[in-house]
Amino acid sequence: MKLHQSMTIGSITIQNRLAMPPMQTNKTNNGHVTDELVAYYRERAKGSHPGIIITEHSCISPNARASEKQLSIATDDMIQEHRRLTDAIHEGGSKAFVQLNHAGSTTIDEAVSASTVNIPSKPLSHKPRELTIEEIKVIEQQFAAGAIRAIKAGYDGIEIHCAHAYLLNQFYSPLTNKRKDQYGGTLENRLRFTLETVACVRDIVGSVPLAVRLGGADYLPFGNSEQDAVEASVLLEQAGVDLLDISGGMCFFMRPGHLEPGYFSSMSKKIKEKVNIPVLLTGGIKKVKDAERLLEENKADLIGVGRALMKDADWPEKNND
């Protein structure tokens, strides 16, 4: 089975093509790692043996939180706490990636974004403050500092979150980015914040694999299209990204009107045809046979199984029919 084949991502080799994507568990204590959180990741690494486990999104700054329960990697004291997670994941034979994130206008702290525009799903909430260029540069360095902490904590790879209506995605989407400077307008300008963040992180991590979770298409009127996602993916590959983790943008992790296994596969297939780096597909995959089919149809190079793995650490053995 193709799902069981090993593959290379940048400088590392993973044992199979199953990935556990990042999903917030709410098992932290005000952002700190708990015994319950460590046990959760240990159980999934040992039970499912995914090639990669990408831990739930970690805030890069104390004022960048999506919720009080979001995992933090914003300060140096979190390094040893994250070491507990990487040790638990490595015990099961999986590689551990960290996902770094800034919530932007959806933060519980000060709401900031590309423009004074709310995400489409929150039209009545207070409007965010538009970031200055100087503030953008500070946040890029906060991503880099989070990457340093992650490497010290034993992570095998870094993922930058540019999806699900969070800050970098708010810059990438024309629905929330109305800027007139070099960070707005064209697709390349809207992606500039992410590209510069990639460059900052790459300078820090060297050959450590670097992924981007890209909310490639919004599937909303006047939002990013699948073709935009393809063009963005090419730019990210040129910037030195080793893995593209494809998901939704302003539609979050669901695709309107679609519930079929791999509902982002029309987008991931187009991207895979234009880039030479691995493409990870997630969304609605509940059966091993569906994961295998999507790989055989060249819709992606790796398959992410989220909710099913969250519910059952032994998912592969129980869904093999």
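In the set M78, M20, M7, only one residue is in contact with a helix residue (DSSP H, G or I) (Cβ under 7 Å, 6 or more places away or on another chain), closer than 26 Å to G240 by Cα and not aromatic (F, W, Y); that residue is M20.
Kindly evaluate T75 against the criterion of being β-branched (V, I, T), outside any strand (DSSP E or B) and closer than 13 Å to Y41 by Cα.
Values: β-branched (V, I, T): yes; outside any strand (DSSP E or B): yes; closer than 13 Å to Y41 by Cα: no.
Spelling it out, it is not the case that T75 is β-branched (V, I, T), outside any strand (DSSP E or B) and closer than 13 Å to Y41 by Cα.
Looking only at residues of segment 266-321 that are hydroxyl-bearing (S, T, Y) and in contact with an Asp or Glu (Cβ under 8 Å, 6 or more places away or on another chain), we find that the one that is farthest from V212 (Cα to Cα) is S266.
Can you tell me which residue in segment 240-296 is nearest to the chain's Cα centre (by Cα), limited to those that are assigned to a strand (DSSP E or B) and small (G, A, S)? Out of the qualifying residues, it is S247.
Going through I60, I89 one at a time, which residue ends up being farther than 26 Å from R17 by Cβ, in contact (Cβ under 8 Å) with a residue 24 or more places away in the chain, open to solvent by less than 10 Å² (accessible area, probe 1.4 Å) and not charged (D, E, K, R)? Working first, answer last.
Details: I89 fails: farther than 26 Å from R17 by Cβ.
Only one candidate qualifies: I60.
Summed over segment 68-85, residues that are of a type in the set (S, T, N, Q) and over 17 Å from the mean Cα position of the chain (by Cα) total 2. For segment 66-75, the criterion of being in contact with a strand residue (DSSP E or B) (Cβ under 9 Å, 6 or more places away or on another chain), open to solvent by less than 20 Å² (accessible area, probe 1.4 Å), among the small types (G, A, S) and at pLDDT below 95 is met by none of the residues.
For segment 34-45, state whether one or more residues are open to solvent by 20 Å² or more (accessible area, probe 1.4 Å) and assigned to a loop (DSSP other than H, G, I, E, B).
Start the filter on segment 34-45 by keeping residues that are open to solvent by 20 Å² or more (accessible area, probe 1.4 Å), which leaves 34-36, 39, 42-43.
If we keep only those that are assigned to a loop (DSSP other than H, G, I, E, B) as well, we get 34.
The answer is yes; a qualifying residue exists.
The number of residues in segment 228-239 that are open to solvent by 20 Å² or more (accessible area, probe 1.4 Å) and not in a loop (DSSP other than H, G, I, E, B) comes to 6.
So that you can scan it fast, the table gives a plain yes or no per residue for (1) farther than 22 Å from I60 by Cβ; (2) buried (at least 24 other Cβ atoms within 10 Å of the Cβ):
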| residue | (1), (2) |
| --- | --- |
| Q170 | no, yes |
| K178 | yes, no |
| Y183 | no, no |
| E196 | no, no |
| A199 | no, no |
| A211 | no, yes |
| L220 | yes, no |
| E226 | yes, no |
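Somewhere in segment 258-271, is a residue acidic (D, E) and either surrounded by fewer than 24 Cβ atoms within 10 Å (Cβ to Cβ) or at pLDDT below 95 (or both)? Yes, because at least one residue in segment 258-271 is acidic (D, E) and either surrounded by fewer than 24 Cβ atoms within 10 Å (Cβ to Cβ) or at pLDDT below 95 (or both). Being part of a helix (DSSP H, G or I), under 30 Å from I14 (Cβ atoms) and among the charged types (D, E, K, R) is the filter here; which residues of segment 121-162 pass it? Result: E140, R149, K152. Restrict the check to segment 135-142 and report whether at least one residue is β-branched (V, I, T), at pLDDT 95 or above and open to solvent by 40 Å² or more (accessible area, probe 1.4 Å). Yes. Restricting attention to segment 90-107, the residues that are on the phi < 0 side of the Ramachandran plot, under 18 Å from the mean Cα position of the chain (by Cα) and part of a helix (DSSP H, G or I) add up to 2. Taking the stated definitions as given, is D203 surrounded by fewer than 19 Cβ atoms within 10 Å (Cβ to Cβ) and in contact with a helix residue (DSSP H, G or I) (Cβ under 9 Å, 6 or more places away or on another chain)? Considered against the rule, which asks whether it is surrounded by fewer than 19 Cβ atoms within 10 Å (Cβ to Cβ) and in contact with a helix residue (DSSP H, G or I) (Cβ under 9 Å, 6 or more places away or on another chain), D203 comes out as yes. Mind checking which pairs have a first residue in segment 1-30 that is under 15 Å from P209 (Cβ atoms) and free of Cβ contacts under 8 Å to residues at least 40 places away in the same chain and a second that is open to solvent by less than 50 Å² (accessible area, probe 1.4 Å) and among the aromatic types (F, W, Y), Cβ under 6 Å, 6 or more apart or different chains? Matching pairs, first to second residue: none at all.
The values are calculated or read from the model by the stated rules, or taken from the named source; none is laboratory data. The structure presented is a predicted model; accordingly, all values stated were derived computationally and were not measured. Using ideal geometry, Cβ is built from the backbone for each residue, glycine included, and neighbour counts are taken over all protein chains shown. The protein model used for the area step is the full one, side chains on, heavy atoms only, and it has no ligands, DNA or RNA in it. Shrake-Rupley method; radii C 1.70, N 1.55, O 1.52, S 1.80 Å.
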